[in-house]
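The values are calculated or read from the model by the stated rules, or taken from the named source; none is laboratory data. Since we're looking at a predicted model, the values are computed, not measured. So basically every Cβ, Gly included, is an ideal-geometry build from the backbone, and we count neighbours across all protein chains shown.
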Amino acid sequence: MKDFENIELVYLKNEDYDDLLQAMIEAYSKLPDMVWGRQQVEKLIKIFPEGQAAIKVNGEFAGCALSIIVDYEKFENNHKYTAITGNYSFNTHTDDGDVLYGIEIFIRPKHRGMRLGRRLYDFRKELCERLNLKSIAFGGRIPNYHKYSSELTPKEYIEKVKKKEIHDPVLDFQMSNDFHPTKVLKAYLEGDNESDEYAVLLEWDNIYYEKTHKKAAVIKTIVRLGLIQWQMRTYKDIDDLMQQAEFFVDAVSGYRSDFALFPEFFNAPLMAGNNHLSESDAIRELAGYTEVIVQRFSQLAISYNINIITGSMPELKDGLLYNAGYLCKRDGNIERFEKIHATPDERKVWGMQGGNSIKAFDTDCGKIGILICYDIEFPELGRILSDEGMDILFVPFLTDTQNGYSRVRNCAQARAIENECYVAIAGSVGNLPRVHNMDIQYAQSMVITPCDFAFPVNGIKAEATPNTEMILIADVDISLLRELHQFGSVNNLLNRRLDLYDVKKLK
């Protein structure tokens, strides 16, 4: 058996031309006009040496990939091969362009079946990322189309290739290498009778592309989360409560956390003095503290340079009782969020209403979402936030039993997987024997990730000790989510059947 272990990927050189010519003649026996002249190849090497790659097997020339950089806005979507190459002069190449355009890629027939083409495509992707280009584009031939052109339009043909109903060796290979068809190009390559002179505009998007800005970028990619697993205990008054809250803010900010997450109803101990009232009246008395607590949290956010998610608190609006919380940003801005689904107990015992506002929030660490406890059990909410660009979902919760906690935890893990995002959950522990309807609490706070190779195998980034007062600090890498969206083992967001279903806000 012949030894094929010595495979080299090298930059094309002028002295490779004779070997390149022979390889082109073999590869394009049905397209003799596709053979490039010596001067053309030498010009490509001169103007863009990094873009011209050759692959050799045991020292023998096996194939190549030729490319240029173009300012893509200057070309119409229906461009022809002659236009994109400047009538084969390559005067369209510019170092200031934003798209790596593939003008040639082939493997000699004798070396096919060795996945050499994939190596050339990987080379282009790495080059695109290294040069910070927006994408790769090229017109892909559809050489089997002539067999079906009398009965199928190019669009219908492409759809059948996608569904594996028709095999097209070129298009199948390109799509298997993460290039997606975006448009049919008519009269793209003169003389390509196998494709009836049609081509498919194929693109690969560089998820690491950063558009050049005059201002320094302020969005962080490594974000540090500080979760407060709050101990329910008796507090003399609101000052006593906020002193404990500030202790935790100080602690997590001391570790340079970007966010501090408090649990749902963390201020419930303040109801201890209202046991002489009905439970519905006692919770409304607690709502009287909310505005003051929010203002004090906002001051802490600014002074400790940290974004604080206040957990949630009861709040009266227009005579109606809601479960609401606030995002106090370190720049002084304040955003409000609501619990959309009041639990049966909240409605029955307290007369609490479900909220009506659901949205993702812009922060200096990217877009985040916040869902309060029971809301995490409704997948539609997470999907809406995901569609709005959420990277991290925060869940302040309060559960009395391990059963209730398991619902929150397991649903949080589902949201992380299906929405390809991080989820941070924080709850309260301990007992409140002097507060009616808030007797016991159970929690284990944690940071949850998607389940793929770049993340922990069990989807748990960090977890607190169950039922123990503590803080949990964890870093999450937003760039890993970008990579997951395109290169994950599965693509939950990308593979949704939006032709069959969709989730939308009604107001």
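Worth pointing out:
- Residue list for the stretch 461-487, filter: surrounded by fewer than 16 Cβ atoms within 10 Å (Cβ to Cβ), of a type in the set (S, T, N, Q) and outside any helix (DSSP H, G or I): Thr465, Thr468
- Those residues of the stretch 454-507 which are within 26 Å of Phe259 (Cα to Cα) and among the aromatic types (Phe, Trp, Tyr), in sequence order: Phe455
- Among the residues of the stretch 272-291, the ones that are in contact with a Phe, Trp or Tyr (Cβ under 9 Å, 6 or more places away or on another chain) and either exposed (fewer than 14 other Cβ atoms within 10 Å of the Cβ) or in a strand (DSSP E or B) (or both) come to 0 in all.
- Scanning the stretch 173-189 for residues that are in a loop (DSSP other than H, G, I, E, B), within 19 Å of Thr153 (Cα to Cα) and either not assigned by TED's automatic domain parsing to the domain that holds Phe123 or not hydrophobic (A, V, I, L, M, F, W, C) (or both) turns up Lys186, Tyr188.
- Among (1) touching a strand residue (DSSP E or B) at 6+ places or on another chain (Cβ under 9 Å); (2) at pLDDT below 95; (3) surrounded by 15 or more Cβ atoms within 10 Å (Cβ to Cβ) - the single one Leu21 does not satisfy: (1)
- Residue check, Asp33 surrounded by fewer than 19 Cβ atoms within 10 Å (Cβ to Cβ), in the same structural domain as Glu194 (by TED's automatic domain parsing), modelled with pLDDT under 95 and within 14 Å of Leu127 (Cβ to Cβ): no
- The set of residues in the stretch 492-507 that are exposed (fewer than 14 other Cβ atoms within 10 Å of the Cβ) and closer than 21 Å to Phe179 by Cβ comprises Leu494, Asn495, Leu498.
- Among residues of the stretch 279-301 that are under 15 Å from Leu327 (Cβ atoms), those with a Cβ under 9 angstrom from a residue that is acidic (Asp, Glu) and not in a helix (DSSP H, G or I), sequence gap 6+ or separate chain, pair up as Thr290/Glu315; Ala301/Asp331.
- Tallying residues that are part of a strand (DSSP E or B) and either out of contact with any Ser or Thr (no Cβ under 9 Å at 6 or more places or on another chain) or crowded, with 21+ Cβ neighbours inside 10 Å (or both) within the stretch 437-460 yields 4.
Rundown of residues vs (1) in the same structural domain as Gly226 (by TED's automatic domain parsing); (2) more than 28 Å from Glu246 (Cβ to Cβ); (3) not in a strand (DSSP E or B), yes/no style:
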{"site": "Ile293", "(1), (2), (3)": "yes, no, yes"}
{"site": "Ile308", "(1), (2), (3)": "yes, no, no"}
{"site": "Gly325", "(1), (2), (3)": "yes, no, no"}
{"site": "Lys359", "(1), (2), (3)": "yes, yes, yes"}
{"site": "Ile376", "(1), (2), (3)": "yes, no, yes"}
{"site": "Asp400", "(1), (2), (3)": "yes, no, yes"}
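- Qualifying residue in the stretch 162-172 (condition: of a type in the set (A, V, I, L, M, F, W, C), assigned to a strand (DSSP E or B) and either modelled with pLDDT under 90 or in the same structural domain as Pro49 (by TED's automatic domain parsing) (or both)): no
- Single match in Ala301, Ala272, Ala268, Ala260 (criterion: of a type in the set (Gly, Ala, Ser), closer than 23 Å to Ala360 by Cα and at pLDDT below 95): Ala301
- With respect to being surrounded by fewer than 17 Cβ atoms within 10 Å (Cβ to Cβ), part of a loop (DSSP other than H, G, I, E, B) and at negative phi, Leu152 fits the description.
- Residue in the stretch 197-219 that is over 36 Å from the mean Cα position of the chain (by Cα), more than 16 Å from Ser428 (Cβ to Cβ) and surrounded by 15 or more Cβ atoms within 10 Å (Cβ to Cβ) present: yes
- Cβ separations smaller than 6 Å between residues 6+ apart or across chains give the following pairs from the stretch 480-502 residues that are without any contact (Cβ under 8 Å) to a residue 40 or more places away in the chain to residues that are surrounded by 10 or more Cβ atoms within 10 Å (Cβ to Cβ) and not in a helix (DSSP H, G or I): Leu480/Ala454; Ser489/Asp452.
- Ser29 passes every criterion in (1) more than 22 Å from Asn193 (Cβ to Cβ); (2) not in a helix (DSSP H, G or I) apart from (1).
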